[in-house]
Every structure is written in C-alpha cells, then in structure tokens.
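Asks: The following block contains the structure, expressed as structure tokens.
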Protein chains: 2
Amino acid sequence: MANIREIAKLAGVSPSTVSRVLNNSGYVSWETRKKVQAVMEKLDYVPNLNAVSLKKGATKLIGIAAPYLGDEINTFLGNFAQAAQEKGYNITLFLTNADPKKERDALESLRRRQIDALAVVIRANDWDTIAQYSKYGPIVTWQRVIMKEIPSVFMDQYEGYMLGLEHLHAKGYRKISNVYGNPGHLNTIGRMEAFRDFCRKYCLNEHALPHFYHKGSIRDGEEMAHWWKNTADKPDAFMAPNDRFAAGLVSEAKRLGLNVPGDFAVCGFDNTDIARLLDITTINYPIGGQARNAFSIIQNRLEGKTIPLTGLKFELIERKTT
Amino acid sequence: MANIREIAKLAGVSPSTVSRVLNNSGYVSWETRKKVQAVMEKLDYVPNLNAVSLKKGATKLIGIAAPYLGDEINTFLGNFAQAAQEKGYNITLFLTNADPKKERDALESLRRRQIDALAVVIRANDWDTIAQYSKYGPIVTWQRVIMKEIPSVFMDQYEGYMLGLEHLHAKGYRKISNVYGNPGHLNTIGRMEAFRDFCRKYCLNEHALPHFYHKGSIRDGEEMAHWWKNTADKPDAFMAPNDRFAAGLVSEAKRLGLNVPGDFAVCGFDNTDIARLLDITTINYPIGGQARNAFSIIQNRLEGKTIPLTGLKFELIERKTT
DNA sequence: TTGTAGGCGTTATCAA
DNA sequence: TTGATAACGCCTACAA
C-alpha cells in the first residue's frame with residue numbers, strides 16, 4: 001500500500017509536492033506534475049481517505065437513519081443519495097427498525113465523526129434526545145418538528161389531506177372515515193385538523209363515523225375491508241394514511257366481493273407505484289423534492305452555502321377508486 | 001473537541017492509559033480507570049473514529065452497491081444491514097442507477113479505504129473490472145458468477161424456475177411463454193436451462209411460443225397484457241421474471257377485461273409483498289438468507305473467521321393466478 | 001500498573 | 001516552484 005511518502009521518494013520530490021498534484025493546489029511545474037503522476041500510476045497509488053478525513057476533519061459521509069425500507073422512504077432515500085453523490089458525498093445507511101438504541105448508533109456515529117451530518121428520516125428517539133446531538137453536526141428530518149436544532153423538510157399534511165377530502169366531497173361522498181397513522185406524530189395532527197375544518201366548512205358531524213389510528217400497513221388495509229363488511233353503519237369513503245394501506249384495503253375488498261368505489265371510495269396518500277398499479281386515487285406528495293431540500297440544508301450548513309430550497313406542493317391524482 | 005491527550009492531562013495520566021481504558025486493554029487500576037472515565041464524561045469525550053480507522057487500517061464500514069431500491073433489493077439490503085450492524089459494521093450505500101461510473105465510485109471507495117468491503121448486489125461493470133478491485137478488499141455479489149475473486153451468494157435459478165414450470169404443467173397449462181430478464185446474466189441462463197429440460201421431459205416444443213428478454217418492470221408487465229390481447233397464437237401461461245412484472249401483467253389484464261387465470265395464468269418470482277397483495281402465485285426466493293450469507297462471507301474474510309453459511313432453497317407459493 | 005515514543009497517511013503553514 | 005515541519009487523534013511496542 002504505497003503512501004504519499006513513497007511516491008515522493010520515487011519521484012524525487014517532497015510529500016508536499018505530491019499532495020499538491022493530488023489536490024491541484026498551489027504551484028507545481030508541468031514536468032514535476034507529470035513525473036509524479038507517472039509514479040502514482042505505476043504504483044497504483046490513491047490517497048487513503050481515512051487520513052484525508054482525519055486531517056480535514058470531515059468524512060464526506062452523510063448518515064441517513066430510517067426505521068425500514070419501503071415505498072416512501074425509498075423515494076426519499078434515492079433522491080437524497082443522488083443529490084449527495086452529485087456533490088461528492090456518500091451515504092451511510094442506518095436501519096433503526098424503530099429501535100431507539102439503533103438510532104442512537106447513528107447519532108453516535110455523528111458524535112464520533114464517522115459521518116458529517118445525519119438525516120433522520122423517521123425518528124425513534126424523542127426530539128430532545130436527537131437535538132442533543134446537533135452540536136456534533138447538522139441533523140435534518142423529514143418529520144414535522146419545530147426546533148432550531150433540527151431543520152425539517154416536512155410539508156404540512158393539512159393541505160394535501162384537504163385536497164383529498166374536498167375531492168371526496170365533490171364526488172358526493174358524505175360518510176368519510178379517516179384512517180390515520182400515529183396520532184402522536186404531528187403529520188397526523190395536520191390531517192386531523194384538515195378534517196375538522198372540512199367538517200366545519202360543510203356542516204358535517206366530525207364524529208358521525210369511527211376513525212382509526214396507528215394504521216399504515218398493507219395488512220391494516222386488508223383488515224379494514226373486513227371491518228367494513230361486518231359493521232353496521234358503514235362509511236362510504238376512506239381517507240387512507242398512505243398508499244400501502246389503501247392498496248391492502250382495495251385488494252382485500254375485491255377478494256371479499258366488494259366493489260370499489262361502488263361500495264366505498266378510497267383515497268390513498270403519497271402517489272407511489274403501488275397506487276398507480278392498483279388504480280387508486282391518491283395525493284401526490286413530492287417526496288423527492290423534500291429529499292433534495294434536506295440535502296441542500298445539510299450542504300448549506302456544512303459548506304456555509306445558501307443554496308435556496310425548492311418550493312413544493314401537493315396534488316390530487318384522480319384514478320378509479322373514487 | 002477534546003482529544004485523548006487532553007483527557008490524559010486532566011486526569012493526570014498518559015494518553016496510553018486513556019487509550020487502555022477506552023479499549024479495555026492491558027492493565028489499568030480501578031482508581032485510574034474511574035478517574036479517567038470521570039474526565040471523559042465531563043468533557044463529553046468520545047474517540048474520533050477517523051483516527052481509529054487510520055490507525056487500525058479498517059473503517060468498520062461495508063459498502064453496498066445496487067442499481068436502485070426495490071422490493072427484492074430492499075430485502076437483501078435490510079437483512080444485510082441488520083447482520084452487519086449486529087457485528088459492529090455500518091453500511092454505506094451506493095445507488096448506481098446501473099451506471100458503471102457510479103459503481104466505479106463504490107469500487108474506488110474500497111480502493112481508497114473508505115470502506116473495508118463491498119457487496120455488489122447487482123453489478124453495472126463487467127466482472128473483470130470488478131474483480132480488479134478485489135485486491136483492495138473482499139467483494140461479494142448476489143449475482144451468479146464463478147470467479148475466485150468474487151464469491152457469490154447466488155442461488156441457481158434453475159431449481160426455482162423448474163418449480164414454477166412443474167406447477168403450471170400440473171395445473172394443465174401447456175402453452176407457456178417465458179419472460180426473462182437480461183439474457184446475459186447467468187441468472188437468466190439457469191432459467192432458460194430449466195425450461196429446456198422441462199420441455200424435454202414432457203416432450204414439448206421449446207419454441208412453440210415466443211419468449212421475451214430484457215423485461216422486468218411493472219410497465220413491461222403492463223405492455224405484455226396488451227401484447228397478449230393483440231396476438232394470434234396466445235400462450236395460456238406466463239412465467240414472469242419477477243413479481244413486479246407479474247403484478248403489472250395481472251393488473252393491466254384486469255383493466256383490459258381479461259381474466260387471470262381464465263385467459264392465462266401468471267407465475268411470479270421472488271415472493272415479495274406485491275405478489276401477496278395481488279394474489280399472485282410465485283416462487284419464494286430466500287433473499288434474506290442470501291444477504292446474511294453475503295455478510296458472513298465478508299466477515300469471514302475480514303476477520304479470518306470461518307462462520308458457516310446457511311443452506312437455502314426455493315419454494316412454490318400457490319395463489320390465485322394459476 | 002503506567003509512561004514514552006513513534007507511526008498511521010495526509011494536509012497546511014511557512015520558509016526557502 | 002519546492003521542501004521542512006508540524007499537526008490531525010489515536011494505538012501499541014517497549015521500557016520503566
């Protein structure tokens with residue numbers, strides 16, 4: 001494993017000169033440069049990034065912590081990674097499984113300078129714990145949180161959710177049942193607010209029908225189809241927490257011989273592949289844009305730049321389930 | 001940013017002693033240890049991993065290169081990451097987009113010692129190029145390749161594919177059309193061999209129906225539904241290259257008013273969520289096991305261990321499309 | 001049980 | 001245009 005000193009020796013120059021040709025910095029004569037490059041080539045030399053990182057105090061590695069891999073997170077991850085790679089950063093992935101201890105590993109990685117920054121896509125610890133680590137490097141999140149230590153690329157779900165509700169209303173549905181994710185998450189709160197305002201606007205009884213919490217998986221959706229079949233006072237439409245749930249609901253409904261949207265309508269959320277596949281009406285949620293913004297925030301902090309963020313908005317995608 | 005020397009000074013000991021308490025190595029008296037720990041605590045000290053990596057010549061980071069994120073790869077990635085994290089390694093992700101240059105970045109990361117090893121899930125460069133890099137650290141792959149430089153956790157698709165073919169035959173289908181991925185990949189070759197042997201066994205004409213290559217996306221599946229509708233000599237069953245294709249085919253068929261398996265049967269491959277969702281008969285392909293084996297191979301090489309690999313096999317999952 | 005010294009491979013400052 | 005020299009922060013013989 002040749003190092004910079006060996007190259008210097010063989011090229012008959014000093015290590016600093018080699019370093020200069022490596023980084024195109026400072027002055028170095030044409031001949032010297034050629035000579036050095038020839039030696040580097042011959043010895044198959046490349047600089048050791050550990051040494052560079054140690055010296056520079058930066059690894060050009062950005063961590064990304066997420067509980068699992070799935071449609072929405074993949075989209076975030078993919079766009080984030082692409083943006084990062086374009087700017088010379090690599091990504092290190094921390095799959096937390098929603099386990100606070102594992103997320104702590106990611107945070108500790110930042111503290112121990114293995115990564116320069118961390119994107120906590122979906123958190124496992126409470127915000128205060130996470131905020132403690134922001135002194136070691138930039139931390140951004142996809143979730144809604146208002147803390148100066150943790151910038152967020154969250155988009156208020158209020159607006160997007162309202163788009164879905166208005167659409168259902170316009171289509172004539174009046175008995176809407178809402179299926180939410182974790183009510184502790186502010187994302188959910190935004191949706192709940194939208195529904196409250198929606199009911200107020202159209203003089204509907206907010207609590208006329210049951211609503212659900214802590215739902216989000218395909219299986220949750222499947223179970224909902226059974227619930228619908230067995231319940232007395234049936235909703236005529238569901239606002240799903242995401243496309244996966246909507247997909248489970250729609251496909252299980254078909255298996256049960258139900259007709260969507262004849263028996264009930266379903267509006268998904270996120271506009272992922274699966275919604276297109278199953279022809280589910282959904283809300284387009286510009287995740288890729290958020291991911292790129294997340295990276296921009298990090299890059300701005302790391303490099304003292306002020307790249308402006310992109311403005312983003314929700315959009316209704318009407319298909320066959322409403 | 002306190003360093004080891006500062007801690008030593010404040011604790012009134014030498015840096016080596018601090019290092020010893022850090023690593024639980026060598027002798028250090030109870031009192032000294034306590035004293036040192038107290039100072040570390042007070043200064044919020046943790047060792048700088050860059051320095052450790054430089055010194056030790058290892059980063060405890062394993063790269064994983066994949067073209068994109070999707071069902072099968074997620075499964076691989078998730079299991080691989082989990083196995084790695086359990087053993088104290090972190091994962092750095094290289095999304096190549098099937099672009100050889102981007103894969104090269106991953107390979108270069110290995111050469112420049114940013115990562116200790118690399119799992120090339122699905123390659124973008126030719127094997128010879130990749131093999132060149134194996135001198136810088138262990139490289140494993142998920143794909144089939146027989147090269148001493150690149151161990152593979154590939155499972156011969158012959159066996160799995162045959163399971164599907166036999167199933168279709170048992171169900172009475174005789175006009176099977178095969179849809180393959182990249183015929184250059186040895187994975188595909190195994191499947192083609194299976195089909196040839198299958199035809200031989202049942203005295204069928206291997207070329208009675210058209211087969212397809214370079215297919216694999218949802219959209220490819222959707223297009224196949226249209227092809228079927230417009231073609232004269234129709235197959236009565238499709239062996240899909242993966243579940244995504246099968247899903248596209250099945251869902252588009254429904255949109256076109258076709259009946260699966262009435263008009264034609266579909267057998268997927270991989271047994272991912274989407275197949276369950278759409279009730280598609282498929283072949284269970286133990287990806288998680290392969291991922292864990294991939295990590296074991298790397299760990300064995302890196303740490304000179306000989307952890308045995310797990311034996312794995314295919315399985316038919318019968319659902320509603322056959 | 002503890003300390004000293006040298007080195008891991010680079011970069012950056014300063015002088016020449 | 002080039003070269004010494006001193007860090008970056010840690011680990012590990014070896015000596016004490």
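Asks: Determine whether A:ASP233 is surrounded by fewer than 15 Cβ atoms within 10 Å (Cβ to Cβ) and at pLDDT below 95. Walk me through it before giving the result.
Replies: Values: surrounded by fewer than 15 Cβ atoms within 10 Å (Cβ to Cβ): yes; at pLDDT below 95: yes.
The answer is yes for A:ASP233.
Asks: Let me ask you something else. Which condition does A:SER217 not pass, out of (1) more than 14 Å from chain B (Cβ to nearest Cβ); (2) under 27 Å from the mean Cα position of the chain (by Cα); (3) open to solvent by 20 Å² or more (accessible area, probe 1.4 Å), if it passes all the others?
Replies: Of the numbered conditions (1) more than 14 Å from chain B (Cβ to nearest Cβ); (2) under 27 Å from the mean Cα position of the chain (by Cα); (3) open to solvent by 20 Å² or more (accessible area, probe 1.4 Å), the odd one out for A:SER217 is (1).
Asks: Just to be sure I understand, how many residues within the range A:249-265 are within 14 Å of chain B (Cβ to nearest Cβ) and either open to solvent by less than 30 Å² (accessible area, probe 1.4 Å) or over 33 Å from the mean Cα position of the chain (by Cα) (or both)?
Replies: The first filter runs over the range A:249-265 and keeps only residues within 14 Å of chain B (Cβ to nearest Cβ), leaving A:249-257, A:259-260.
Okay, now just the ones that are also either open to solvent by less than 30 Å² (accessible area, probe 1.4 Å) or over 33 Å from the mean Cα position of the chain (by Cα) (or both), so A:249-253, A:256-257, A:259-260.
Counting residues in the range A:249-265 that are within 14 Å of chain B (Cβ to nearest Cβ) and either open to solvent by less than 30 Å² (accessible area, probe 1.4 Å) or over 33 Å from the mean Cα position of the chain (by Cα) (or both) gives 9.
Per-residue answers, yes or no, for (1) within 28 Å of B:LYS87 (Cβ to Cβ); (2) modelled with pLDDT under 95; (3) open to solvent by 30 Å² or more (accessible area, probe 1.4 Å):
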| site | (1), (2), (3) |
| --- | --- |
| B:ILE280 | no, no, no |
| B:ASN284 | yes, no, yes |
| B:ALA291 | yes, no, no |
| B:ALA294 | yes, no, no |
| B:ILE297 | yes, no, no |
| B:ARG301 | yes, no, yes |
| B:GLY311 | yes, yes, yes |
| B:LEU316 | no, no, yes |
| B:THR321 | no, no, no |
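Asks: Among the strands (runs of 3 or more DSSP E) confined wholly to the range A:230-295, which include 1 or more residues that are among the small types (Gly, Ala, Ser)?
Replies: Numbers: elements: A:237-239, A:265-267, A:282-284.
Strands (runs of 3 or more DSSP E) meeting the threshold: A:237-239, A:265-267.
Asks: Suppose we filter A:ILE91, A:ILE115 for residues that are open to solvent by less than 40 Å² (accessible area, probe 1.4 Å), under 27 Å from the mean Cα position of the chain (by Cα) and facing another protein chain (nearest Cβ under 7 Å); which single one remains?
Replies: On the way: A:ILE115 fails: facing another protein chain (nearest Cβ under 7 Å).
It is A:ILE91.
Asks: Hey, any hits in the range A:98-113 for a residue that's in contact (Cβ under 8 Å) with a residue 60 or more places away in the chain, farther than 30 Å from B:LYS102 by Cα and part of a loop (DSSP other than H, G, I, E, B)?
Replies: no
Asks: Report whether or not B:ARG33 is within 11 Å of chain A (Cβ to nearest Cβ), in contact (Cβ under 8 Å) with a residue 12 or more places away in the chain and among the basic types (Lys, Arg). First the steps, then the outcome.
Replies: Details: within 11 Å of chain A (Cβ to nearest Cβ): no; in contact (Cβ under 8 Å) with a residue 12 or more places away in the chain: yes; among the basic types (Lys, Arg): yes.
No: the conditions fail for B:ARG33.
Asks: What residue, of B:PRO47, B:PRO67, is within 30 Å of B:SER296 (Cβ to Cβ), surrounded by 15 or more Cβ atoms within 10 Å (Cβ to Cβ) and away from DNA strand D (no atom under 16 Å from the Cβ)? Steps first, please.
Replies: Details: B:PRO47 fails: away from DNA strand D (no atom under 16 Å from the Cβ).
Matching residue, one of B:PRO47, B:PRO67: B:PRO67.
Asks: Write out, first by first residue and then by second, each pair whose Cβ atoms fall under 8 Å of each other, whose residues are 6+ apart or on separate chains, and whose first residue, in the range B:2-15, is closer than 17 Å to B:ALA51 by Cα and within 14 Å of chain A (Cβ to nearest Cβ) while the second is within 11 Å of DNA strand D (Cβ to nearest atom) and assigned to a helix (DSSP H, G or I).
Replies: Between residues of the range B:2-15 that are closer than 17 Å to B:ALA51 by Cα and within 14 Å of chain A (Cβ to nearest Cβ) and residues that are within 11 Å of DNA strand D (Cβ to nearest atom) and assigned to a helix (DSSP H, G or I), the close pairs are B:ILE4/B:PRO15; B:ILE4/B:VAL18; B:ILE4/B:SER19; B:ILE4/B:LEU22.
The values are calculated or read from the model by the stated rules, or taken from the named source; none is laboratory data. None of these values were measured; they are calculated from a predicted model. No Cβ is skipped: glycine too gets one built from the backbone with ideal geometry, and neighbour counts run over all protein chains shown. SASA here: full protein model, heavy atoms, side chains in, ligands and nucleic acids out. Shrake-Rupley method; radii C 1.70, N 1.55, O 1.52, S 1.80 Å.
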